[in-house]
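A short write-up of the structure that comes next.
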Amino acid sequence: VGARPQRVRAAGHCCPCRRKQLGLGGVELNPRPIHLAGVVADMRIFRSLLLLGLVVSAAVSSRDAPESAREKRRSRPRGPPGSFRSKAEQGQAALQGVKRNSNGDFESLVSALEASAFATLLCIGIFVCLKRHYPEVFANRLVEGSEEYDSDLPDPFLYTGGWLAAPEDISDDKMVAVAGLDGLMLCELFALGHRVARVLLAVGVFMYPAHYFLGRSEASGKAPHERRKFDVLMRVGIDSMISSWDVSVDKLEEGERERNLVLLWIHALGVWCVTVLVVRHVFAAHYRFIALRSKWLKSLPYPRSSTLIVENIPDEQRSDAELRRYFETLFTKEAIGRAYIVRRSRKLKRLVEEANRLERKVVATQAREDLAETRLASGDALTAQLVLAVREAEAYRQVVADRAKAGDLKVCSSSGFVTFTSRRWCRLASREQLTHDKYVFKLSHPPEPRDVRWEDLARDPMFKSTNDAIAWGLVIAIFLAWAPVTVSLSALTSLDTLETYSMFAWLSDLLARHPSFRPVLEGVLATGALNLAMSYLPTVLYFVTDRFLTLSSGAKVQVQLQNMYWTFLMVFVLLVTAINKTLLHSIGMVLERPRSLFGEVAKIPSSSHFYVNYMVLGWSVVGFELLRLTPLIKFMFYRQIGLRDVREKVEADNDDYYGLGGRMARATFMVTMCITFSSSLPIINAGALLYFTFGGKVYRWLLAYTETKKPDLGGRSWMLALRHIFVSIGIYIVLVSSLLAQAPWGRGIPSTVAASALVFLVGAYLRFSFIVWSILPFEDIASSDFHSSRKTWAFQQAQAMVSGEYVQEEHIPHMKTIEDLLPMLRSQQRWMPASGTEELAGRMESLADEVGHVEGDRPSHLRLPLKR
């Protein structure tokens, strides 16, 4: 496990002989069709194709089945218990395979434990082997020669625990440097979940004996065969308490009513205990975040630390000069460093991208010429095309610049950036309302320059509103249509469906000989099908959010995805047992009778066994993510064809399921399940403890050693996760108090005591919302300005060159001229004889003379964008 990764050459560099055999020479191909390799490598695709193959094979084999078998299936009654029709009458949960607690669920839990533990250990073993052979994919920051190589990271070879122990010694400052504050707070969320699960597991120690000794030991029923003894899982859960409520008082055992009443009070006090302990740990983690956030804000580089986004700019100020003049009148002239209006320049962007593409082709062609030691005629043609493309891009850039300077509304958008000379001026401006209309000159803090979505900022305000309406309409449509998707997938993987096909005749025989296998398979199939259905949801939501919602940065797309994904998980996984028949039917029923909501919510604890299996199978989900199959297949394919910039392409297009938003939503939902069922079935906290322990180590390794650093918003996803946890605590209080209100004794007093915890929760949330986290205290800003006042303006400009400026890439003036490009091209031909070099130089000079003069004798500045 602790083997040292091999020190290999940088990714994408194969030997010259191999490149010569391939005939590519490092030529960069069009990456769009190659992305299919990463799509096929997705573990969700593998699971779906396997499931689809089984279903199609079953359907084909059913056509070849004997006539008697098909007649036997047709002659089955149309509504027996357990059929699709009877499940529809039970509700949405039964259709999705979320069944009520029953005897035999303990065997299903044991099977889920075995399957998940085996899959997790298998993934760890495969990961250890792959890490040795492909360190660029699994430990890129330990590979010498890599662009992201970091010698300061702890070497796993020096630790007994290897890759499991090494990331724990990384300091917070180093973690922020390699993964960002958002990445660090993802690890902190797993640490918070670990502490919450550990505390609630200690609370469960008192719940186990209370349920076992004070609860009922057999199911209630009129017939003797219905009064079966509870298994271990039923005895230690909530079912041992609520089973007494269906029995008339005269048929209760002696003292059973009093014991049940004691259980009611234990649960009522347990709600207070769980609420206080979880809120305490949430505040402790939040204060730690505040300290990290303050340090992160102080370290923000110029110009991000002193820049504001200005939206909804009036027509009169839609130019760089007018916007600067407007802010100079509000503040002083010395306070404004720069003003920039976002341009609508799609055509210019296409021209610059075309010039960049031709430049890469020219460099690749020269590499092939060096390898073959001959001159290719295509090189001169590509160079001529490059010169013409650069000339066209430069000419159109000048046109756009002139129209932007004149304030042409077809070029100048209603958004811009204003950079101040100090943080103090930026802070004062951000707190002010500039006009009577609060929607005009709307100010906000900017993201990283490399993460700005320029096209979204350049959109017209009316177009933004239309796109946002379309986006939310699509989200609502997905919300309403996702229930049939989960129902269909659950129906396809149910035992009732599989047994109807002749290819699964062996399954029917197996279940007939061993009836105890039925609940085991049903539990595992139902949990796996729901997990698979929900794993595709981030991809759909990310597509809608990324394409239609108008957002200023790509990191905010992840925040929106996190919020939507968590909401979908809550409705379609946790609250699905409260849906009566269909989602629309349940909404109409609640609108007609609002009090019926509490009765429906009280049904959730009666399906707690399903969620224990869901938590346990979550271990294998984290294990599959450790394998990184998508980047691995991409890397193997790109390196095989000799493609350059392999690392950059491997990590691209991986922001839906494996992005920060999806990971934060799944981790927060696991905390939600841990809190929700902490009283109903405390054993779930043991599964959650292992989940957060393993997940914390896996994500800490991936973020610190493997993945590239993503754009950072400084903890906005963490704040959203904490708000979701507060909502989860409120749902838990309502759930338990609604359940206790169903008891036939106690006069509702235990339910009232449990519900009173909402008062404490609301007060804690108000205290939480009053804590300022998004900005620095003014005294820290003043201190920061005092230390930075000694830095010259030239130093700030140099810092801006490193961190990036808030200027669209196609408008950046730091370009390379054709006159600078010619010596570079000549230097590539050192293998040629002197006559050949002079011939090439003459040809290139003639090309330069062809496009070198635009106005009189002044040469045009034909520039190409340079990578920073």
Placing each pseudo-label 7 Å from Cα in the direction of the beta carbon, E258 and R357 end up separated by a distance in nanometres of 8.5
Any residue on another chain or 5+ positions along whose placed amide H is under 5 Å from the amide H of V310 is listed here as G416, F417, V418
Add +1 for every Lys or Arg and -1 for every Asp or Glu among the other residues with Cβ under 9 Å from the Cβ of R343, and state the total.
-> +1
With a 1.4 Å probe and every protein chain kept in, tell me what percent of the accessible surface of segment 680-795 is carbon plus sulfur.
-> 66
Using per-residue counts of other Cβ atoms within 10 Å, averaged over each peptide, order 154-165, 746-757 from highest down.
-> 746-757, 154-165
Tell me, what HN-Hα J-couplings in whole Hz come from the Karplus equation 6.51 cos²θ - 1.76 cosθ + 1.60 at θ = phi - 60° for each residue of segment 307-313, using x for Gly and Pro?
-> 10, 10, 7, 10, 10, 6, 6
Taking a probe of 1.4 angstrom, what is the accessible area of I124 in Å², to the nearest 10?
-> 40
What accessible area per residue comes out for segment 708-751, rounded to a whole number of Å², with a 1.4 Å probe?
-> 31
Averaged per residue, what accessible area in Å² does segment 154-306 show with a 1.4 Å probe, protein chains only?
-> 44
Using only the Cα atoms of segment 311-355, each taken as one equal point scatterer with no solvent, compute I(q) by the Debye sum, divide by I(0), and report log10 of the ratio at q = 0.20, 0.26 Å⁻¹.
-> -0.69, -0.89
Taking 617-624, 595-602 and ranking on average Cβ neighbours within 10 Å, highest first, one gets 617-624, 595-602
Using the Cα gyration tensor of segment 267-320, with a ≥ b ≥ c the square roots of its eigenvalues, what is the shape: rounded (a/c below 1.5), prolate (a/b larger than b/c) or oblate (neither)?
-> oblate
Got a sec to turn the phi values of segment 462-479 into Karplus ³J(HN,Hα) couplings, 6.51 cos²θ - 1.76 cosθ + 1.60 with θ = phi - 60°, whole Hz, x for Gly and Pro?
-> 5, 5, 4, 5, 5, 5, 5, 5, 5, 4, 5, x, 5, 5, 5, 5, 5, 4
Of all accessible heavy-atom area on segment 115-189, the percent that carbon and sulfur account for (1.4 Å) | 58
Carbon and sulfur %, accessible surface of segment 323-478 computed with the full protein complex present, 1.4 Å | 54
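The values are calculated or read from the model by the stated rules, or taken from the named source; none is laboratory data. Keep in mind the model is a prediction, meaning the values are calculated, not measured. Positions of Cβ are backbone-derived with ideal geometry, glycine not excepted, and every protein chain shown enters the neighbour counts. Please note that ligands, DNA and RNA were not included when accessible areas were found on the heavy atoms of the full protein model with its side chains. Shrake-Rupley method; radii C 1.70, N 1.55, O 1.52, S 1.80 Å.
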